[in-house]
Structures are given as C-alpha cells and as structure tokens.
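The structure appears below as structure tokens.
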Amino acid sequence: KSYIEVRKQEGTLVLERQPTDTSGFFVPLTIFKDILPEHRLAQEEIFGPVLSIIKAKDFDDALQIANGTEYALTGGVFSRSPENITKAKRQFRVGNLYINRGCTGAIVNRHPFGGFKMSGVGSKAGGPDYLMQFTLPRNVVENTIRRGFAPDEGFQTA
C-alpha cells in the first residue's frame, strides 16, 4: 500500500478500489495514467493489481517502451495488423508473449514459464524443457563404418 501511495506522485490516479475484506493483506485494484517510461511504475515489476497506462506514439514506440525495462517476464499485444503481430514476435523481448489474448495463464506442461533480464534466466516451470534442467545431457558418437560390427557372442546366422 505504501508503494502505491508513493507512486501517486508520478502519475494521475484513475481508480483505487477499496478491498472488501480488510482483515487480511489485500491490495486494491489501482490504475494510474500519465505514466512516463522512466517512472518507477513503468520500470519495476509489480506483482499486484496495479495498472500503469503509458502513452506511445505508435507501435514501434510501444515496443521500445516495453523493451526498455530491466524486466522481461511476460508481455501482451492486441493487434489486428499482421505486420505489428510479426514485429512483436520478432522484437518483443519477454519470456512469454501473448498475442490477442490475456497476458496471464501459461498452459502447464506446454508453455515454459520464465522470463529474461531481471525476471529470470529462461524456462522455470511448465514446459517440457523444464525437466532438462535436472538432467546431465550426454552425447555419444561412434564410427561403426571403419570396422563394421562383430556379432555378439552366441549370435547365429541362418
């Protein structure tokens, strides 16, 4: 809550709901506008119901703003433009990129959930590649052409 109070100095408070249950530790839904890319609200990873509205000149500017943070866990893009969707796929540097859908909800055992930069070092959980972090991959290569195979002991030919 104190984080939100301090952030009120950066932008314009649009909405701050009051929690219905005050007996626990609840953070109300809070929305800010007029946030600049250099503000802490735009630069820090907030795990709470806080939305910062940042204006961008165009799609390229929006990508630059999104990629201009130290965090890269999840990103989302809504667009009808195939060009912008392709651009997002190629240039948006996040661990999980969601296009034209909600930006939460990685599918367990399908999506490797993890981020880049200060959000992590890649796949953490969920995807098939996650288990590879607990293995010691090993590759064995043998040239069998030079000498051929010797039959196993007890091998009989017809």
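General remarks:
- Boolean, ASP21 is surrounded by fewer than 17 Cβ atoms within 10 Å (Cβ to Cβ), at pLDDT 90 or above and more than 27 Å from GLY120 (Cβ to Cβ): no
- As for region 35-57, it holds no residue that is farther than 22 Å from LYS117 by Cβ, of a type in the set (Phe, Trp, Tyr) and surrounded by fewer than 17 Cβ atoms within 10 Å (Cβ to Cβ).
- Meeting the requirement of 3 or more residues that are within 24 Å of ARG17 (Cβ to Cβ), the helices (runs of 4 or more DSSP H) wholly within region 36-111 are 40-43.
- Among the residues of region 58-78, some residue qualifies, meaning at least one is in contact with a strand residue (DSSP E or B) (Cβ under 9 Å, 6 or more places away or on another chain), loosely packed, with under 14 Cβ neighbours inside 10 Å and over 30 Å from MET132 (Cα atoms).
- When VAL27, VAL14 are screened for being assigned to a strand (DSSP E or B) and in contact (Cβ under 8 Å) with a residue 24 or more places away in the chain, only VAL14 passes.
- Odd one out for ASN84, checked against (1) touching a Lys or Arg at 6+ places or on another chain (Cβ under 8 Å); (2) surrounded by 12 or more Cβ atoms within 10 Å (Cβ to Cβ): (1)
- Residue within region 142-152 that is part of a loop (DSSP other than H, G, I, E, B) and either at pLDDT 75 or above or polar (S, T, N, Q) (or both) present: yes
The values are calculated or read from the model by the stated rules, or taken from the named source; none is laboratory data. Since this is a predicted model, take the numbers as computed values, not measurements. Note: ideal-geometry Cβ built from the backbone for every residue, glycine included; neighbour counts use all protein chains shown.
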